[in-house]
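Here's the structure, in structure tokens; my notes come after.
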């Protein structure tokens, strides 16, 4: 497991982008749980955010691709709308402890 960030750096309902070596990641905290995905749209293979750390739609309930508006469920990365409907973001296992958030690449 690799250290991602301190828990306080990813607050409820927020998203953040990270780079660990050559791997670009996005992390979202929802309902107290942390979800980590590759920061790569399955449709085009490009980063998802439109601005630094901006991965969520206006409601804050879905991950949104800035390039073409595809929408993904935070809980499992499934695309529910857009050209990659039915595909999923690549998920990375993570855990949280008193030191922070850790991810397995």
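Which of 22, 9, 75 comes first, and how do the rest follow, when ranked by fewest Cβ neighbours within 10 Å?
On the way: 22 6, 9 14, 75 11.
Least crowded to most crowded, the residues run 22, 75, 9.
Sorting 67, 59 on the 10 Å Cβ count, fewest up front, what's the list?
Details: 67 16, 59 8.
The fewest-first ordering by Cβ neighbours comes to 59, 67.
For the pair residue 95/residue 24, report the inter-label distance in nm, with labels modelled 7 Å from Cα in the Cβ direction.
2.9
Roughly what would the spin-label model give for residue 53 and residue 87, points 7 Å off Cα along C-beta, in nm?
The two pseudo-label positions are separated by 2.8 nm.
Compute the FRET efficiency between residue 67 and residue 3 as 1/(1 + (r/R0)^6), taking r as their Cβ-Cβ distance and R0 = 25 Å, and round to the nearest 0.05. Write out the running numbers ahead of the final one.
Details: r = 30 Å, r/R0 = 1.19.
It comes out at approximately 0.25.
In what order do 68, 43, 58 fall by count of nearby beta-carbon atoms within 10 Å, going from fewest to most?
Details: 68 13, 43 16, 58 7.
Arranged by neighbour count, lowest to highest, 68, 43, 58 become 58, 68, 43.
Each value in this text was obtained by applying a stated rule to the coordinates, not by laboratory testing. In this text, all values refer to a predicted model and were calculated from it rather than measured experimentally. Glycine gets a Cβ as well: all are built from the backbone with ideal geometry, and neighbour counts include every protein chain shown.
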